[in-house]
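Peer 1: Attaching a single structure in structure tokens format; questions to follow.
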Amino acid sequence: MGTRFELAIVIDEAQPSEAQLRAVGELVLREVGDWHQRLTRFESDSWLSHVNRTAADEPVPLDDEVYPLIAEAIAVWRDSNGAFDIARGHGAALVLDPDTQALRFLHDRVSLDLGAIGKGHALDCAAQCLRQHGVTRAFVQGGTSSGIAMGAPPDGRSWRIGLSSSSDPSDIAEVFDLADLSFSVSDDGSQPGAPGGRHIVDHRQTSGVRALQAPRRVVVTGPSARLTDAWSTALVVLGEVPPAFPDGYAALFVGKER
Amino acid sequence: MARTPHDRRTFITRTVGALGGLALLPSPSLLLPRLLAQAKSVRVAVIGTGRQGRAILTELQKIPQVEVAALCDRSTARLDNARARAPKAALVQDHRALLEASPDIAAIIVATPTHLHRAIVEDAIAAGRHVFCESPLAATVEDCDAMAAAAASAKTVCHAGFQGRSNPTYRRAQPLVRSELRDLVSWFGQSHRKTTWRFPAGEGETDQAANWRLDPAVSTGLAGEVGAQQMDVAAWCRGSYPSRISGRGGIRLHKDGRTVADTIEVDLTWDDGVSMRYEATLANSHGGAFELVHGINGSIRFAWTHAWLFKEADAPTQGWEVYATRQQVLDQEGIVLIANATQLAEQGQLQAGAGLPHPSLYYALMDFLKSVTEGEPVACSFQDGARSSILGIRANQAVMAG
């Protein structure tokens, strides 16, 4: 993840004091920080780094918090024909045993990268934490590209999200009104130093990792931020909505096709 | 102790040397320790399933021979949250019921609020269980002494959770404090975080119980709850404890009626005149948590998953330094103090500039389990843990007295 998360909580009369809500907010952001520490591949002492070091040699048991995340990631890999791949081109080498909840790699070239689903997962966990503490109206976002709109803001029935123009960040290109929905935006924009100058790569390319040919911008909305996060990446790669796109989710390609 | 990932990002700016050459520690087993494959499965219970308890569960998942058989907490909400990390564990709300009902649970890991440790630890020792107790051991000197006495008469393993003593990077650096730095000039430690230190009360829990850290009747304050870990590093490296303590503190940010200081400064002085300045705050996050020791031949910066040695220009060069990995840290080139960097890099287990493969907590738990299953010496005894806990308690008293 390695990005900024922000949280806005609506204070209702029926809810605890502002000080207690602030404590809830800090708990939520600590939860996000804990997930970052578990899921980052950039820290050698993270749980994910442990999996990447170990799973080719022996199965790694997954707990009830992580198993659904990996299972859904593999499902999106399958449903997107490999366009979304946490194994960076080696999705077929992931074996997840539903009976033992253990994950293993079929060979030692596999290394997981949860960067395109971890932020959504952390947001889902943040929303769950908020609900556990009685918060029903809030907005939580990470990196301005994924977020969850819980309930409604004080002055309206939905949270209004502006999507800036890719050519002029100060210009709002699209507006979305969301209530009790998650959203994710993926944009195959330029990123110096990334393969082909792009930060999303198509791992289905067989001749090494290559960047997409046509830059795209996609917004996905739906109940789970984990899935909107994963599918927005998949759709940027695919350029179209596949038949296996999940029910209850919506996708919009935003005017960047060329 | 909560670590701040910010530390590593802040200080690692550029890797200067390649990972090639002599290793700085003899065995990679220190970095990637495992229990013996033939070791029997150890049934473990974790008592206290808040944030630290859940972190413990994450580390225990990595150890195949460990079976988390039970979780215990007064709060059903915390138990429910923790169950996801130990799905097969029985859930219990009373630790005495747990000890009576599960004689096959060999090891007890205690991660409750500090002031609740003593009763649980004494009961567990009396029931013949191995015990790992989070630091600080207790909130009062009397409780620390009682726990150390109970451990002294125990036939089981009693391990205090002062993680620096198990951390491979710190173990690498500890002898260098005496050999490389020569005479010490000063010691500095800090923990900076911006947080209220408040926690929302769970269902059926009072706000006072949830926020025991802010209750002066039971809290050891920043000096005890956070500082004791860092002060222990200094005492362990020096092989002795300071004899004089002074302190001060106040409320710099969180003016919400609390009386436990959100910002403190503590001065610790040893009999030989060496002193340590310790600062902790909940009002500013700059720099995170680290310790910095200065000697006449150089300085060592400890940052939990990393440590660096900075040599003075007139200090003699040791043979191993020629091949060591170096990094640019705050405009100075430091020698990375990490065990067997070369061999690990060749095995693809360590990137240049990367830190330890596991958090400090993992190494502390692994030391405990090695003592339980293989009879290894205890890395931090209750006697040492009590001394360092009392150091934190006395420092907190000095802060309160001003």
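The values are calculated or read from the model by the stated rules, or taken from the named source; none is laboratory data. Remember, it's a predicted structure, so these values are computed and weren't measured experimentally. Cβ sites come from the backbone with ideal geometry, for glycine too, and all protein chains shown count toward neighbours. Please note that ligands, DNA and RNA were not included when accessible areas were found on the heavy atoms of the full protein model with its side chains. Shrake-Rupley method; radii C 1.70, N 1.55, O 1.52, S 1.80 Å.
Peer 1: Tell me, yes or no, whether the range A:32-42 has at least one residue that is outside any helix (DSSP H, G or I), farther than 20 Å from A:H121 by Cβ and either at the interface with another protein chain (Cβ under 8 Å from one of its Cβ atoms) or touching a helix residue (DSSP H, G or I) at 6+ places or on another chain (Cβ under 7 Å) (or both).
Peer 2: First, pick out the residues of the range A:32-42 that are outside any helix (DSSP H, G or I): A:40-42.
Still in the list and also farther than 20 Å from A:H121 by Cβ: none.
Within the range A:32-42 (the criterion being outside any helix (DSSP H, G or I), farther than 20 Å from A:H121 by Cβ and either at the interface with another protein chain (Cβ under 8 Å from one of its Cβ atoms) or touching a helix residue (DSSP H, G or I) at 6+ places or on another chain (Cβ under 7 Å) (or both)), the answer is no, since none of the residues qualifies.
Peer 1: Going by the structure shown, is A:S17 facing chain B (nearest Cβ under 8 Å), of a type in the set (S, T, N, Q) and open to solvent by 10 Å² or more (accessible area, probe 1.4 Å)?
Peer 2: Numbers: facing chain B (nearest Cβ under 8 Å): no; of a type in the set (S, T, N, Q): yes; open to solvent by 10 Å² or more (accessible area, probe 1.4 Å): yes.
No.
Peer 1: Inspect all residues belonging to the range B:250-260 and state whether any of them is in a strand (DSSP E or B), modelled with pLDDT of 90 or more and under 21 Å from the mean Cα position of the chain (by Cα).
Peer 2: Of the residues in the range B:250-260, the ones in a strand (DSSP E or B) are B:250.
Pick out the ones that are also modelled with pLDDT of 90 or more and you get B:250.
Okay, now just the ones that are also under 21 Å from the mean Cα position of the chain (by Cα), so none.
No: zero hits.
Peer 1: So which residues in the range B:57-101 are of a type in the set (G, A, S), farther than 24 Å from A:P68 by Cα and at pLDDT 95 or above, if there are any at all?
Peer 2: Narrowing the range B:57-101 to residues of a type in the set (G, A, S): B:69-70, B:75, B:77, B:82, B:84, B:86, B:89-90, B:97, B:101.
Still in the list and also farther than 24 Å from A:P68 by Cα: B:75, B:97, B:101.
Correct list: B:A97, B:A101.
Peer 1: Can you tell me which of B:S179, B:S240, B:S186 is away from chain A (no Cβ under 14 Å), surrounded by fewer than 22 Cβ atoms within 10 Å (Cβ to Cβ) and either closer than 25 Å to B:E142 by Cβ or β-branched (V, I, T) (or both)?
Peer 2: Working: B:S179 fails: either closer than 25 Å to B:E142 by Cβ or β-branched (V, I, T) (or both); B:S186 fails: either closer than 25 Å to B:E142 by Cβ or β-branched (V, I, T) (or both).
After ruling out the rest, the residue left standing is B:S240.
Peer 1: Related question: Residue under question is A:R88, and the condition is that it be out of contact with any Ser or Thr (no Cβ under 8 Å at 6 or more places or on another chain), basic (K, R) and either open to solvent by 40 Å² or more (accessible area, probe 1.4 Å) or within 11 Å of chain B (Cβ to nearest Cβ) (or both); does it hold?
Peer 2: Details: out of contact with any Ser or Thr (no Cβ under 8 Å at 6 or more places or on another chain): no; basic (K, R): yes; either open to solvent by 40 Å² or more (accessible area, probe 1.4 Å) or within 11 Å of chain B (Cβ to nearest Cβ) (or both): yes.
No; evaluated as a whole, the condition is false for this residue.
Peer 1: Within the range B:192-215, track down each residue that is under 12 Å from B:R74 (Cβ atoms), surrounded by fewer than 18 Cβ atoms within 10 Å (Cβ to Cβ) and not hydroxyl-bearing (S, T, Y).
Peer 2: Passing the criteria: B:E203, B:G204, B:E205, B:A209.
Peer 1: Another one. Exactly one condition in (1) basic (K, R); (2) within 14 Å of another protein chain (Cβ to nearest Cβ); (3) in a loop (DSSP other than H, G, I, E, B) is false for A:R131; which is it?
Peer 2: (3)
Peer 1: Could you look through the range B:261-281, keep only residues that are among the charged types (D, E, K, R) and assigned to a loop (DSSP other than H, G, I, E, B), and pick out the one that is nearest to the chain's Cα centre (by Cα)?
Peer 2: Filtering the range B:261-281 down to residues among the charged types (D, E, K, R) leaves B:262, B:265, B:267, B:271-272, B:277, B:279.
Imposing the further condition that a residue be assigned to a loop (DSSP other than H, G, I, E, B) reduces the set to B:262, B:271-272.
On the way: B:D262: 21, B:D271: 25, B:D272: 26 Å.
Checking each candidate, the answer is B:D262.
Peer 1: Looking only at the range A:68-93, how many residues end up being outside any loop (DSSP other than H, G, I, E, B) and either farther than 25 Å from B:A84 by Cβ or of a type in the set (F, W, Y) (or both)?
Peer 2: Applying the first criterion (outside any loop (DSSP other than H, G, I, E, B)) to the range A:68-93 yields A:68-79, A:91-93.
When the remaining residues are screened for being either farther than 25 Å from B:A84 by Cβ or of a type in the set (F, W, Y) (or both), the result is A:77, A:79, A:91-93.
Looking only at that region, the number is 5.
Peer 1: Another one. Just to be sure, is A:E6 facing chain B (nearest Cβ under 8 Å) and either crowded, with 22+ Cβ neighbours inside 10 Å or within 21 Å of the chain's Cα centre (by Cα) (or both)?
Peer 2: Details: facing chain B (nearest Cβ under 8 Å): no; either crowded, with 22+ Cβ neighbours inside 10 Å or within 21 Å of the chain's Cα centre (by Cα) (or both): yes.
No; evaluated as a whole, the condition is false for this residue.
Peer 1: Something else now. Which of (1) under 28 Å from B:R83 (Cβ atoms); (2) more than 14 Å from the chain's Cα centre (by Cα) does A:D57 not meet, given it meets every other one?
Peer 2: (1)
Peer 1: Just one of the numbered conditions (1) surrounded by fewer than 21 Cβ atoms within 10 Å (Cβ to Cβ); (2) not in a helix (DSSP H, G or I) is not true of A:D45; which one?
Peer 2: Every listed condition holds for A:D45 apart from (1).
Peer 1: Give me the pairs: first residue in the range B:200-212 and in a helix (DSSP H, G or I), second residue aromatic (F, W, Y), beta-carbon distance under 8 Å, and six or more apart or on different chains, which are they?
Peer 2: Pairs found: B:A210/B:F199.
Peer 1: Please find, among B:I300, B:I296, the residue that is open to solvent by less than 10 Å² (accessible area, probe 1.4 Å) and more than 30 Å from A:R22 (Cβ to Cβ). So that I can check it myself, show each step before the final result.
Peer 2: On the way: B:I296 fails: open to solvent by less than 10 Å² (accessible area, probe 1.4 Å).
Every option except B:I300 fails the conditions.
Peer 1: Here is a list of conditions, (1) under 22 Å from the mean Cα position of the chain (by Cα); (2) basic (K, R); (3) farther than 27 Å from A:Q37 by Cβ, and A:R157 meets all of them except one; can you say which number that is?
Peer 2: (1)
Peer 1: Which condition does A:P59 not pass, out of (1) at the interface with chain B (Cβ under 10 Å from one of its Cβ atoms); (2) crowded, with 18+ Cβ neighbours inside 10 Å, if it passes all the others?
Peer 2: Just one mismatch for A:P59, condition (2).
Peer 1: Yes or no: the range A:102-123 includes at least one residue that is closer than 27 Å to B:T169 by Cβ, more than 11 Å from chain B (Cβ to nearest Cβ) and part of a helix (DSSP H, G or I).
Peer 2: Yes, because at least one residue in the range A:102-123 is closer than 27 Å to B:T169 by Cβ, more than 11 Å from chain B (Cβ to nearest Cβ) and part of a helix (DSSP H, G or I).
Peer 1: Can you tell me which residue within the range B:58-91, out of those that are over 21 Å from A:W47 (Cα atoms), open to solvent by 20 Å² or more (accessible area, probe 1.4 Å) and in contact (Cβ under 8 Å) with a residue 24 or more places away in the chain, is farthest from the other protein chains (Cβ to nearest Cβ)?
Peer 2: B:R74
Peer 1: Which ranges mark the strands (runs of 3 or more DSSP E) fully within the range B:35-132 that have 1 or more residues being under 19 Å from B:K155 (Cβ atoms)?
Peer 2: Numbers: elements: B:42-47, B:66-72, B:90-92, B:107-110.
Qualifying strands (runs of 3 or more DSSP E): B:42-47, B:107-110.
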